[in-house]
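The values are calculated or read from the model by the stated rules, or taken from the named source; none is laboratory data. None of these values were measured; they are calculated from a predicted model. Note that each Cβ is placed from the backbone with ideal geometry, even for glycine, and that neighbours are counted across all protein chains shown.
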Amino acid sequence: MVHRPLQNQDDDDVLSDKGPDSDPTTDEDSEASDAEEILSALHVLAADTDITELRKVLSLCQKALTDACGKLGVAKKDVRTLSTALPLRKRQGIMNKTELLKEDIGRVVKKFAILYRLWVIDGLFPILSVNNPDIDLQSATRWDSNKAKSNAVLTELFMVMPQLLHKDMLKYKSFGSVFTATLNQERSNMLCVVKEVSPLVFAALKVPDATIFTLSARKRDDPEMK
């Protein structure tokens, strides 16, 4: 019987199996080999795949999960060690500053979502310069290339970003991930509101609520939409 790896143990109990004399190069080669083996196994399996192959894939995934949990436990332990090395007042100051910065990013995201777009284009982050590209957003040339599109979105971002946060865009390493996650949540919130009010908006047309969100092909065939 295949057992699932335990994930609820205390992080301090998760120990690294690397000895002090282990060769980092060998470890990296081994990890790369394991990763390649897992990726090769995680292809789309046929419906009639042999049970032996399924067990092999499951075993590889469980091994990868166990290794990841072990590394996560070691990383968390190191973070706690480093945190305790800081004076309490300084540690609290760092945490408070980070939380305040996240709140500032959240306010910027709300403006960005309302005024410009509800998604982040590929390659926007990390931002490498505090200089505004200052693209003419009314010009059709903003769509000429991926670089032009990126510069246009950067211009939009700078237009809603307070001057005080310009340096934080570069210094705060998690700026991109925090911005993206907050924007995704903001989009989800907006879509929920749209879906909730849609029956009222389309009530005069006597269109069933479920029909509004069906695929285009089904809408063409639905007599309620004609």
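Quick notes on this one:
- Any hit, segment 104-125, residues being within 28 Å of Val193 (Cβ to Cβ) and touching a Pro at 6+ places or on another chain (Cβ under 8 Å): yes
- Residues of segment 131-149 satisfying the condition of being assigned to a loop (DSSP other than H, G, I, E, B) and of a type outside the set (Val, Ile, Thr): Asn131, Asn132, Pro133, Asp134, Asp136, Leu137, Gln138, Ser139, Asp144, Ser145
- Segment 152-208: number of residues that are of a type in the set (A, V, I, L, M) and either under 20 Å from Lys102 (Cα atoms) or in contact (Cβ under 8 Å) with a residue 12 or more places away in the chain (or both): 16
Yes/no matrix, rows are residues, columns are (1) surrounded by 14 or more Cβ atoms within 10 Å (Cβ to Cβ); (2) modelled with pLDDT of 90 or more:
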| site | (1), (2) |
| --- | --- |
| Leu100 | no, no |
| Leu115 | no, yes |
| Ser129 | no, no |
| Ala152 | yes, yes |
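- Test for Leu183: is it assigned by TED's automatic domain parsing to the domain that holds Leu115, surrounded by 12 or more Cβ atoms within 10 Å (Cβ to Cβ) and part of a helix (DSSP H, G or I): yes
- Yes/no for Asp144 being within 27 Å of Leu191 (Cβ to Cβ) and of a type in the set (Asp, Glu): no
- Candidates Leu157, Leu170 - the one that is in a helix (DSSP H, G or I), of a type outside the set (Gly, Ala, Ser) and surrounded by 16 or more Cβ atoms within 10 Å (Cβ to Cβ): Leu157
- Positions within segment 114-151 being in contact (Cβ under 8 Å) with a residue 40 or more places away in the chain and under 14 Å from Phe179 (Cα atoms), in sequence order: Leu118, Trp119, Val120, Leu124, Phe125, Pro126, Ile127
- Condition broken by Ala204, with the remaining ones in (1) closer than 18 Å to Val108 by Cα; (2) loosely packed, with under 11 Cβ neighbours inside 10 Å satisfied: (1)
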